[in-house]
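Take a look at the structure set out below.
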Amino acid sequence: MRILRGIPASPGTALARVHHVTRDLPVVVRAALPASDLDREVARLHAALVDARAQIQALVVRLSADLGPEGAAILESHLLILEDELVVDRAVALVRAQSCNAEAAFHDAVAEVASRLLESQDDYLRERVQDLHDVEDRVLRALMGLGVGRLVGPAAPSVVAADDLAPSDTAAIGARNVLAFALGGGSRTSHVAILARSLGIPAVAGLGASVAELHDGELVAVDGDRGEVVLQPDSETVARYRQLSQQQLTVNAKLAHLRDEPAITPDGRRLEMLANIEMPVEVEKALACGAEGIGLLRTEYIYFQRQTIPTEAEQLEIYAGIMRGMAGRPVVFRTLDVGGDKVQRYLGARKESNPFLGWRGIRFLLANRPLLKAQLRAIYRAAAGGPARLMFPMITGVEELREARDACRECVAELAAEGLPHDPDLEVGIMIETPAAAVVADLLAAECDFFSFGTNDLVQYTLAMDRLNSRVAYLYQPVHPAVLRLLRDATAAAHAAGIRVGICGEMASETRYAEILLGLGLDEVSVHAAQLPKIKQVVRWTTVAEAEGLLADLMSRRTAAEADLLLADYLAEKKRRRVDAAPTEAPDDA
Amino acid sequence: MIATAATISDPVGFHLRAAGRIVKLAKTFDAEVTVRFQGRVANAKSIMGLASLAADCGSVVELEIDGPDDAAAAAALVRLIEIELAHPEIPEG
């Protein structure tokens, strides 16, 4: 057994045989030519460029159906590269200057541009070298008469191993029979990683040369959460991975019987159960897990998975598709929440010494009005097709909310003037994720339609701890008295104003905190779809009186450690009682 | 020859899509258009050249336009960079 370590590029695990895809890269043979042959070489190059152009145009037509507008956008940029003077004119000049064949000249021209991109500080630009080499490969094949040379996907369920996959290869392979990807190159931002995440396929990238050790037909285990590939797994490892997939099946079976049941306490309090999603493809899974709506659509992934900012029309297409998929159920669109751990230079954000306190969330949006308005217009228009809601991130006070709502009013007025279908009255809410927002919740509640707690940030900002700093990670304490007081007071402020309040942070996904949410009196809970049945089970077993009693006990503790201990004892006791009462229905407290 | 400057209004800066729009417009003129940013130089008719300037939203790029239709090219390119790029929803031709 041998463990290869790479970069975790897409979560999940898989155990399957390897399907190794290698692309026989065209080998460039350099030839010195007499001056009389150079015109012919230039003509060959132009003919190859025409061929390459025709191939890409054919793929554009095919991909627009398979991968949506993003796949087509990649290939459209390839068409522009085929016309780029830095590539084409330079290659022609090199044929003449070096008296060499078209293959060698084209290869050299691409290498010059690639080295220029690789000097950039910008991760996004460096990744574009992939696109250049993809175009190069296509042109060289046309020059050498090698045929298209595209890859085919595996015939049986497999782990697809490759040095790297070019963007157009990724599109060609698709998802059929791919249980996982194991890649020599790439990173979390390469096309294949993004595609894998959007399809829920585990992937490990950056394995380097060791990817050659994954031989066709051999059994391997892939752990996309840890970024590991296990070669020749021993029987224990095989058993562990089988158990992981078995667990998945068990959870699925439990899901089946809870899916259509409401989350209702024995004494009749109902909690709305919603799912957090990032990609349109997750809608199906959310519904399969029994989601009554989408409580948090993180729209930044729709931006990050693209080379350029999505236009209003492209966003509308994606958003309207989600509304259609949810068939009349509510969808909360959180506007672009860039910054902190998600800074992307392509959106104009710069590296900051203190990104979590920097230019992010609503601050970034209000400073980028065209970007904000394109997104708002797309959401208002999508709302014509169902109950969409709008949510602003990182609000610290009433002035930001007012400015954001002004932008909403502008969009509504424009859409009305343009005669475009939209819902002018869609609900507008905010994330409560800064202590400031929680403290002035009464003022905010008077000017919006709902709240949703973002507990990851709320805990981090309240306890002044950086989640990414392992030395202070112990301070991530959702039951710290300061956090519990903010949650309690902001919930009370919302209810006093007659607006709904929910939660969409990690805290909601953990079963151990589920009774606290119930005790707080929250109206809705939004979690990863897979967690829905577990949270639902807790709600169905707990009375409101019990949950309120627990919360009161926790809030009487003076330290987070005491509260944590109390919670652990309470849950252990409760589990013991339930096991005694109904041994066959022991809860899964994963 | 005309020398001028323009502030990039595209929220994402000179990335591939914005660069593509500039290339398409620049190619409609005979004039040569050179773009300078932070010591780097690119031809406005080259998508990889413009992209590798890595110019962000709000940066000022210098333009040098030389040719028979330089006045018209300068006006159109400044308008594109300063105003039209801010409206990504306008369909590209």
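Read the figures in this text as sums done on the coordinates, not as results from a lab. Treat the numbers as computed from the prediction; the structure is a model and nothing was measured. So basically every Cβ, Gly included, is an ideal-geometry build from the backbone, and we count neighbours across all protein chains shown.
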| Nearest-ten-degree value, helix A:481-496 long axis tilted from longest Cα axis of chain A | 80 degrees
| query | Quick one: Debye curve from the C-alpha atoms of chain A, no solvent, what's log10 I(q)/I(0) at q = 0.06, 0.09, 0.11 Å⁻¹? | reply | -0.38, -0.81, -1.14
| For A:Arg500, which sequence-distant residues (separation of 5 or more, or a different chain) have an amide H within less than 5 Å of its own amide H, given hydrogens modelled in the peptide plane? | A:Phe451
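Quick one: compute the contact order of chain A, relative version, from alpha carbon pairs under 8 angstrom and 6+ residues apart, as a percent.
Contact order relative to length: 13 percent.
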| note | Kirkwood radius from Cα pairs of segment A:35-144 plugged into Stokes-Einstein at 20 °C, 1.002 mPa s, gives D in µm²/s equal to 148 µm²/s
| query | To the nearest 10 degrees, how steeply does helix A:102-118 sit against the main Cα axis of chain A, on a 0 to 90 scale? | reply | 30 degrees
| message | I'd like the projected area of segment A:373-463, averaged over all directions, using the convex hull of its alpha carbons. Report it in nm² with one decimal. | response | 5.8 nm²
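To the nearest 500 deg cm²/dmol, what mean residue ellipticity at 222 nm is calculated for chain B from DSSP H runs of n ≥ 4 alone, each contributing -39,500 (n - 2.57), summed and divided by the residues? Spell out each step's value before the answer.
Details: 3 runs with 29 residues, N = 93.
One gets -9000 deg cm²/dmol as the mean residue ellipticity at 222 nm.
Considering only the other residues whose Cβ falls under 12 Å of the Cβ of A:Asp267, what net charge follows from Lys and Arg at +1 and Asp and Glu at -1?
Values: positive: A:Arg269, A:Arg270, A:Arg540; negative: A:Glu546, A:Glu548.
Around A:Asp267, the charge tally is +1.
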| request: Could you tell me which of A:Thr250, B:Ala5, A:Leu86 has its Cα farthest along the dipole of the protein assembly as shown towards the positive end, charges placed at Cβ (Lys, Arg +1; Asp, Glu -1), taken about the Cα centre? | output: A:Thr250
| Cα-projected label distance for A:Ala464 with A:Ile3, points at 7 Å along beta-carbon direction, nm | 3.8 nm
| How far, in degrees from 0 to 90, does helix A:69-82 lean away from the longest principal axis of the Cα atoms of chain A, to the nearest 10? | 30 degrees
| task | Calculate the dipole size of chain A relative to its Cα centre from +1 charges on Lys and Arg beta carbons and -1 charges on Asp and Glu beta carbons; express the result in debye to the nearest 20. | result | 680 debye
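Could you size up the charge dipole of segment A:35-144 around its Cα centre, putting +1 on the beta carbon of Lys and Arg and -1 on that of Asp and Glu, and report it in debye to the nearest 20?
On the way: 11 positive and 22 negative charges, 67 e Å.
In total the dipole reaches around 320 debye.
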| query | What does the helix-only formula give at 222 nm for chain A: each DSSP H stretch with n ≥ 4 adding -39500 (n - 2.57), the total divided by the residues, and the result rounded to the nearest 500 deg cm²/dmol? | reply | -15000 deg cm²/dmol
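Net charge around A:Ile362, counting only other residues with Cβ within less than 10 Å of its Cβ (Lys, Arg = +1; Asp, Glu = -1)? It would help to have the intermediate numbers written out before the result.
Working: positive: A:Arg360, A:Arg363; negative: A:Asp337, A:Glu400, A:Glu403.
Summing Lys and Arg as +1 and Asp and Glu as -1 gives -1.
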| query | Going 7 Å from the Cα of A:Ser187 in the Cα-to-Cβ direction, what parts of segment A:102-123 have a backbone nitrogen less than 11 Å from that spot? | reply | A:120-123
| request: Within the set of other residues whose C-beta is less than 11 Å from the C-beta of A:Asp423, count the net charge using Lys and Arg as +1 and Asp and Glu as -1. | output: 0
